[in-house]
Amino acid sequence: MTTPARTAGPDDAPSAGPRPSQADTVELLGLVAQLEQVAFARLAADAAVAPTTDQRLRLSGFAAAAIARRDTVMARITELGEDPVAAVAQFDHVLDDFDARTQPSTWWERLLKAYVGYGVADDFCRVAADGLDEESRRVVLAVLDDAAHAELAVAELDAAGSDDGVLSSRLALWGRRLVGEALGVVQRLLVQRPGLVRLVSSGTGDPAVAPAQQADGRTAPANPPTKLFGELTAQHTRRMSRLGLTA
């Protein structure tokens, strides 16, 4: 007797790849905590060179807040039974190349780098957070939703560029350079960190970021992660639009 052909159902859809593990979760938490550590150092440095007393005081406060956010994320890593220092240490140099290639020459370029350049890394972490467990996702999104420093940058840049077409043009070019370099950081993370690939794939459902084994044994995205990079580019465009700058 011939068995009728089975009709494929929704459960037969191809998997986007292995599900994220706790190690993957800790990897993203370590990245977020490291970004807050970097933010602290950057904001403290900005406070030291800010042109007004008000800016220096506000930036100092933002630096202190970055430490509090870092500690919140590290506390979550501890709750998961993992070593928070080790989790953060694996990303000690994650932005070194980006910073070396994007040295600002003016105060305004410095502000735009903080708002646009580092904003891409935050957006990446938000997307990856969709693959986390509920509590870890809540912690990450709460930490990344602190927009006080962004509002300062927007206000200062908008005021400076509103009556200065030359400055606006220079900042638009600077913003394009920043986003290109920042997206390069994301691409390198996806090549070097299969745990982050799994989180992004799980969160977006984008098969383009499903892990693929390379000849040297490393795991890397099989194809360009179109949904991820589309979202990161869209967020960059929104930031630039807030400033009246062409992305």
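Find the helices (runs of 4 or more DSSP H) located wholly in region 61-164 whose residues include 2 or more that are more than 24 Å from Ala247 (Cβ to Cβ) and in contact with a Ser or Thr (Cβ under 7 Å, 6 or more places away or on another chain), and list them.
Details: elements: 84-89, 96-101, 107-112, 118-129, 134-144, 148-161.
The helices (runs of 4 or more DSSP H) meeting that bar are 134-144.
A count restricted to region 127-156 and to residues that are open to solvent by less than 10 Å² (accessible area, probe 1.4 Å) and over 20 Å from Arg70 (Cα atoms) stands at 2. Would you confirm whether any residue within region 96-104 is in contact with a helix residue (DSSP H, G or I) (Cβ under 6 Å, 6 or more places away or on another chain), modelled with pLDDT of 95 or more and under 27 Å from Asp24 (Cα atoms)? Yes, that holds for at least one residue. Among the residues making up region 49-60, those that are without any contact (Cβ under 8 Å) to a residue 60 or more places away in the chain and more than 17 Å from Ser105 (Cβ to Cβ) are Thr52, Thr53, Asp54, Arg56, Leu57, Ser60.
Reported count of residues in region 111-126, each being among the aromatic types (Phe, Trp, Tyr) and open to solvent by less than 10 Å² (accessible area, probe 1.4 Å), is 1. Of the residues screened, Glu27 is not one that is charged (D, E, K, R), modelled with pLDDT of 95 or more and either within 28 Å of Leu157 (Cβ to Cβ) or more than 21 Å from the chain's Cα centre (by Cα) (or both).
The values are calculated or read from the model by the stated rules, or taken from the named source; none is laboratory data. All values derive from a computational prediction rather than experimental measurement. Cβ: placed from backbone, ideal geometry, glycine included. Neighbour counts: every protein chain shown. Just so you know, the surface numbers come from the protein's heavy atoms only, side chains and all, with ligands and any DNA or RNA stripped out. Shrake-Rupley method; radii C 1.70, N 1.55, O 1.52, S 1.80 Å.
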